[in-house]
Amino acid sequence: MSQPAQEPIEGSAPVKPLTVAATIAALGVVFGDIGTSPLYAFKECLRVKDADSNFLGSSQVVPILSLIIWSLIFVVMVKYVLLVMEANEEGEGGIMTLVSLASAKDKEKRQHRSFLVLLGVFGAALLYGDGVITPAISVVSALEGVKEANERLHGPLSAGFLKYFIPTAAVLILVGIFWLQKIGTGRVGMYFGPITMVWFAVIGGLGILSLVQNHEILGQILWSFNPLEGIGLLITQPGLGILILGAVFLSVTGAEALYADMGHFGQKPIRMAWCVIVFPALILNYLGQGAWALAHPAELLVPGFNPFFNMAPGWAQIPLVIIATLAAIIASQALIAGAFSITMQAIHLNYLPRMRIVHTSDQISGQVYVPVVNWLLMTGSIYLVLYYETSEKLASAYGIAVSLTMLVTTILFGQYLRQKMNIRTAGAYALLAPFILLEALFVLGNAHKILPNGWMPLLVGIIVYYLMAVWNKGRIAMKQKMNEGETTGDFENFLDSVEDRFVAGKFARVKGTAVYLAGSTKSVPMALAHNLKHNRVLHENIIMVTLKVDENRAIVAEADRVSFQTRGPKFCKVDSHEEFPSVLSVTGRFGFREKQDVFPVLEAAYKELGITPNPLETTYFLSRETIVRATSGFSLNAVQEKVFEVLNRNSLSATAYFNLPPGRVVELGMQVEL
């Protein structure tokens, strides 16, 4: 049985403690993606072709290692772990949180705020493209170790068998990964955390083993800590250097998910896991791969080689493939969990239609599961595996979407610094200039991937962005139209007219409580007006509920959760036996990462009215909108109107979204012209 949620201390942000369990769980969710980058990142760097269309081989090992090491330090440690994670809203992170923080003081500058919001939405949309390809490349890269082991051990498996075995096994594993999501991020993290800890111990140990075996070139390898090695390559051979940077970027993918998943575990466990476990293991492994590459220059030219698996002794090949496959399964978790968090935020901020959101933790509001997103990501990942088949081809499609997302995050972080430090925009971006330059080079280094294969995740991101933009524009237009239709004078005048007709005997009085869900407190809900017009009945108690999402807060304090306003005369005597019922308007406020739970708001309303409601005598009245094309004054063009209509028709009903009892809900349909 689940335990009741622990209420945070009033006026304080919920702080997630630094514990061994939290650190291990963070390993299993947050660092899975970046932790499996050694499977393919260094190999892809060495597969870059020079001006003569030859693979680099061992000629640029030290500069490549220098670029990888300093990218990990500069992008992951300095930018994300130390700086960007400070931009949080009560412990919650992610690009939508950064948008709210960056534009919090720009409410009057609507054009500037709109630009920041759209930029953030575009960055969030690109993460969906990354979320499709990350599980595919991680799992396929791990399974390709079977081929390496087969060749090293002179095994009996034929090339034809392996060609079909790897994609088939990858598809089955991906189905298992996405099926597991419904148990919740926290439980997944606790299951996967210990495996991930073993994985980091293994890759760190492999690196040490390779360095010991090739100790004669240890001094040459350690020289890669000199940042001038990588910078020198970029200066002397800028064309080749930028192409190499496009491959080096694969070593830092997963950093964006680190920020998006911060709300699941908190700053301290993530920082501790990175500094003590993840970063040392990654550095040791990349140094070990570099040492192996310098010691075996001829083997680097063999098609399909992978220094990662070749570092291991023959007896360890099969166990390494198994642990690598398990780690690859876990690697997918960071982006999947991040996609769930972004989806919930986008729904609450009116950038996506309502979907079923399952809150998988009573303790942490950010741990959610979104079935529709889960199965769409699974379908996309399986398609990519079957279409590309090898990690080399998948790598050629990987990077452009997430590199653009990282650049968007830096731009938004600059706006956050501008407000936080109260400095000019130019000053804020001057401080971030090194990050902007490096990430612009990452984007440039990945740009050549767009035409061969990189267009696919980019297209996913663009489509999601278009849907989000159309939905937001349509919801704004619909709200304006509905407000026009709902307002029949002000609320008090409306109630006065109702009272007059009630006194005249035109309305009947019925027992029970009527709850009207309204989008605004300033107008009469259409469901209320229609119910009185067609059914001509008044309930003993009438409650109008409005749920609002605060764009600038991830979590709203309990003290600010509910507010009341009594509309109309409180007790208007009709005769000695009858009273005219007032309307209690109650507003529930939620942060953009909170579950919009209507029942605690209603409980507060019942307490305000001093009644104990009978569930069998409580009726919920909702409006159900149907979109029709306006004859003039179009709010949306023809394509946008059709897209919005499809999204609106397939969005989750308010009954299901708010978990209202279906047998007690009355939906009143209405047409809205757009």
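The values are calculated or read from the model by the stated rules, or taken from the named source; none is laboratory data. The structure presented is a predicted model; accordingly, all values stated were derived computationally and were not measured. So basically every Cβ, Gly included, is an ideal-geometry build from the backbone, and we count neighbours across all protein chains shown.
Please indicate, with yes or no, whether at least one residue in region 481-497 is surrounded by 14 or more Cβ atoms within 10 Å (Cβ to Cβ), out of contact with any His (no Cβ under 6 Å at 6 or more places or on another chain) and at pLDDT 80 or above.
no
Out of (1) assigned by TED's automatic domain parsing to the domain that holds Glu645; (2) surrounded by 21 or more Cβ atoms within 10 Å (Cβ to Cβ), the odd one out for Met478 is which?
Only one criterion is unmet by Met478, namely (2).
Considering each of Pro353, Pro434 in turn, give the residue that is surrounded by fewer than 24 Cβ atoms within 10 Å (Cβ to Cβ), under 18 Å from the mean Cα position of the chain (by Cα), over 30 Å from Pro194 (Cβ atoms) and not aliphatic (A, V, I, L, M).
Matching residue, one of Pro353, Pro434: Pro353.
Kindly list, by first and then second residue, each pair from a residue in region 62-86 that is over 16 Å from Leu431 (Cβ atoms) to a residue that is of a type in the set (Val, Ile, Thr) and surrounded by fewer than 21 Cβ atoms within 10 Å (Cβ to Cβ), limited to pairs with Cβ atoms under 7 Å and residues at least 6 apart or on different chains.
If the second residue must be of a type in the set (Val, Ile, Thr) and surrounded by fewer than 21 Cβ atoms within 10 Å (Cβ to Cβ), the pairs left are Ile69/Ile283.
Inside region 246-263, can you point out the residues that are closer than 16 Å to Phe435 by Cβ and either outside the structural domain of Glu439 (by TED's automatic domain parsing) or of a type in the set (Asp, Glu) (or both)?
Glu256
Could you tell me which of the residues Ala346, Ala397, Ala428, Ala328 is of a type in the set (Gly, Ala, Ser), assigned to a helix (DSSP H, G or I) and touching a Gly at 6+ places or on another chain (Cβ under 6 Å)?
Criteria check complete, one pass: Ala428.
Thr253 is checked against (1) under 27 Å from Tyr398 (Cβ atoms); (2) in a helix (DSSP H, G or I); (3) touching a helix residue (DSSP H, G or I) at 6+ places or on another chain (Cβ under 9 Å) and fails just one. What number does that condition carry?
Unmet condition: (2).
If I filter region 256-294 down to residues being closer than 30 Å to Ser59 by Cβ and surrounded by fewer than 23 Cβ atoms within 10 Å (Cβ to Cβ), which single residue comes out as nearest to the chain's Cα centre (by Cα)?
It comes out as Phe279.
Got at least one residue in region 295-316 being in the same structural domain as Met355 (by TED's automatic domain parsing), free of Cβ contacts under 8 Å to residues at least 40 places away in the same chain, within 24 Å of Met85 (Cβ to Cβ) and not basic (Lys, Arg)?
No, region 295-316 contains no residue that is in the same structural domain as Met355 (by TED's automatic domain parsing), free of Cβ contacts under 8 Å to residues at least 40 places away in the same chain, within 24 Å of Met85 (Cβ to Cβ) and not basic (Lys, Arg).
Return yes when Lys522 is among the basic types (Lys, Arg) and in a helix (DSSP H, G or I) and no when it is not.
No, not satisfied.
Could you count how many residues in region 551-568 are part of a strand (DSSP E or B) and at pLDDT below 80?
So the count comes out to 2.
Could you pull out the residue among Val198, Val132 that is β-branched (Val, Ile, Thr) and either surrounded by 20 or more Cβ atoms within 10 Å (Cβ to Cβ) or modelled with pLDDT under 80 (or both)?
Selected residue: Val132, the only one of Val198, Val132 that is β-branched (Val, Ile, Thr) and either surrounded by 20 or more Cβ atoms within 10 Å (Cβ to Cβ) or modelled with pLDDT under 80 (or both).
Kindly evaluate Asn350 against the criterion of being out of contact with any Leu (no Cβ under 8 Å at 6 or more places or on another chain) and at positive phi.
Criteria met by Asn350.
Select from region 19-31 the residues that are closer than 14 Å to Ala201 by Cα and in contact with a Leu (Cβ under 9 Å, 6 or more places away or on another chain) and list them in ascending order.
Phe31
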